[in-house]
Amino acid sequence: MNSDKVVVKPETRNHKGFFVQETDYKLMEIDRSGWALICIDDATCHYVDPEDLQITDESGVAQD
């Protein structure tokens, strides 16, 4: 599951309450406290609620 490409649902907020940019992310992990760590690149990562994620297929289309 660590290599899944995901997108965030509209109005997703990170663990600090700030809105997260709606773009493609890489799911890095889901930690013990229940937050999903997602990253755009090596410098831009966010902790979000896993319920706010959608896995995408190879073409970038979100799966239900």
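The values are calculated or read from the model by the stated rules, or taken from the named source; none is laboratory data. Since we're looking at a predicted model, the values are computed, not measured. A quick note on method: Cβ atoms are made from the backbone with ideal geometry, for glycine too, and the neighbour counts reach across all protein chains shown. Remember, those area values only see protein heavy atoms, side chains included, never the ligands or the DNA or RNA. Shrake-Rupley method; radii C 1.70, N 1.55, O 1.52, S 1.80 Å.
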Accessible-area composition of segment 9-49, carbon plus sulfur, in percent [1.4 Å probe]: 49 percent
Solvent-accessible area of Lys5 with every protein chain in place, 1.4 Å probe, in Å² to the nearest 10: 130 Å²
Under-5 Å amide H pairs with His15, H placed in peptide plane, nonlocal only: Tyr47
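From largest accessible area down, sort Cys45, Cys39; use a 1.4 Å probe on the protein chains.
On the way: Cys45 55, Cys39 15 Å².
Final ranking, largest accessible area leading: Cys45, Cys39.
Among Arg13, Arg32, what's the order by accessible area (1.4 angstrom probe), most exposed first?
Working: Arg13 115, Arg32 245 Å².
Of Arg13, Arg32, the descending order of accessible area is Arg32, Arg13.
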Protection proxy ranking, peptides 19-25, 6-12, average beta carbon neighbours within 10 Å, highest first: 6-12, 19-25
